Structures are given as C-alpha cells and as structure tokens.
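Report on the structure given below.
The values are calculated or read from the model by the stated rules, or taken from the named source; none is laboratory data. Because the structure is a prediction, the values reported are computed rather than measured. Neighbour counts run over all protein chains shown; Cβ positions are idealised from the backbone, glycine included. In case anyone asks, the SASA skips ligands and DNA or RNA and just uses the protein heavy atoms, side chains included. Shrake-Rupley method; radii C 1.70, N 1.55, O 1.52, S 1.80 Å.
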Amino acid sequence: MIEMYVIGINGSPRGRESRTGRLLDAVLRGAREAGASVERIDAAALDIRFCTGCTLCYDQGECPKKDDYAATLEKMIRADGIVLGSPNYINNVTAQMKVLLDRMADVIHCQRFTGKYGCAVSTAGGSGAGEVAAYLNGVLGVLGADTVGAVGVDIGADPEALFPAEERAFRLGHDLAAAIAEKRQYPDQETFHAEMADRMKSLVTANKERWKHEYDYWSAMTQK
C-alpha cells in the first residue's frame, strides 16, 4: 500500500466548535478510510505572526520570525495532500488562515507544493462559501499543487444543510487520497503549473543577486 500523509488546516477561530472544522474532519475521515494517515491543525491555536514583507526568506530560505510557521510549513511540505478550510469572513478567509498564507511568498517563488494534491472546504452563515473555497484552491494552485475539488455550503437559516455537505466532504477526502495514490494528472492544471514555474524562475533569475536561496533552489531543480 502506498504511504500517504494528508494534513488539514482549519482556519476557523472556533476550533472544535467550528462548522468548517466539521467539513475538514469529514475530508480527513474520507482520506483516512482510503488509506492515508491524517493530521488536523487549528490555525487559531498557532502562534503565527503576520508577514512584514522583509523578503529575507527569498535570500535565506527561512523567515526570521520565531513562531509556529516553520513547523507548520514543514508538515505541509512533507504532506502528499493538503486540505484548507475557512469560513467566509466578509467575502474572504479568516485572519487566522490569511496570516499563514501571507507567509508563503517564498513557497510561491519556489513552487514548493509541486507534486502535491489538495482541496478546500468552507461554510458561510449567509453566502459566499463557494467563493472562499475556490480562493483556497486557487492558493494551493499558485503554490504548485493540483486541486481535486471543493465543498462550500451556505448554511443560512438551515443548519441541516451541513449534513449533506459533510457527506460530500467525506467523498472528497476519498477522491483526494485516490488522486495521490494514482498520481492523477490534470492537463489544464499542468499547463497552469508550467506557466507559473516559468514565471517564477524568470522572476527569481532577474533578482538572483538579492534572492540567493531562491536562485540556488531553482538552479538545483533545473539540474535534476
């Protein structure tokens, strides 16, 4: 059996009381049933400070801030599959999720999620859950991962709407694990990834005197 590790990150500040967390857990249950080892992380429980745009990660390969970001990123780099979840807070992800994502500029420049698979979940009290889930999948895409789908549910006045969404999330987790096991290809996404890689290599090469770590990274990747 292929060893698979799937990590889920819940951006809700409500932690275990989170409806988004329920969807995230359903994805992880589906992935686990399909053979993956899984881990859930609640972003609200992490000490991650906001990016200040110092760009030192471009040159040195790590952020100078000493908090939980480095350990969280290490788990994401080690994972075969990544699930991102956030409720809709004014048409976007929560601050707890965004502060994590904003620290990943070096990850984008180096396309560090290439070869990984991901998906996203979101809930909304009124509307917009689908848009937030699409945004999270978009983030995974620009980081280099292939995305297999999303579940977004606008609960509104019907709390029962969460139950069928959990079932869809469970099936999504199954599909995520299947994509990992199959090394599934998505031609449209591969075209996007190739274009992103070319853009990032060109950007880094243009700044090679200042962004030594990133230039060395791409030079090593090109030689493989």
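Check Met1 against each of (1) in contact with a Gly (Cβ under 7 Å, 6 or more places away or on another chain); (2) of a type outside the set (S, T, N, Q); (3) open to solvent by 50 Å² or more (accessible area, probe 1.4 Å); (4) modelled with pLDDT of 95 or more and name the one condition it does not meet.
With (1) in contact with a Gly (Cβ under 7 Å, 6 or more places away or on another chain); (2) of a type outside the set (S, T, N, Q); (3) open to solvent by 50 Å² or more (accessible area, probe 1.4 Å); (4) modelled with pLDDT of 95 or more applied to Met1, the lone miss is (4).
When region 105-115 is examined, which residues are found to be surrounded by fewer than 21 Cβ atoms within 10 Å (Cβ to Cβ) and outside any helix (DSSP H, G or I)?
Across region 105-115, the qualifying residues are Arg112, Thr114, Gly115.
If I go through region 140-178 residue by residue, how many of them are over 30 Å from His109 (Cα atoms), in contact with a strand residue (DSSP E or B) (Cβ under 9 Å, 6 or more places away or on another chain), assigned to a helix (DSSP H, G or I) and acidic (Asp, Glu)?
1
Using beta carbons and a limit of 6 Å, which pairs, at least six apart or on different chains, have the first residue in region 64-82 and surrounded by fewer than 18 Cβ atoms within 10 Å (Cβ to Cβ) and the second one not basic (Lys, Arg)?
Pro64/Leu56; Asp67/Asp47; Asp67/Ile48; Asp68/Leu46; Asp68/Asp47; Asp68/Ile48; Lys75/Ile7
In the list Arg29, Arg14, which residue meets the criterion of being in contact (Cβ under 8 Å) with a residue 24 or more places away in the chain, open to solvent by 10 Å² or more (accessible area, probe 1.4 Å), closer than 12 Å to Val83 by Cβ and among the basic types (Lys, Arg)?
Arg29
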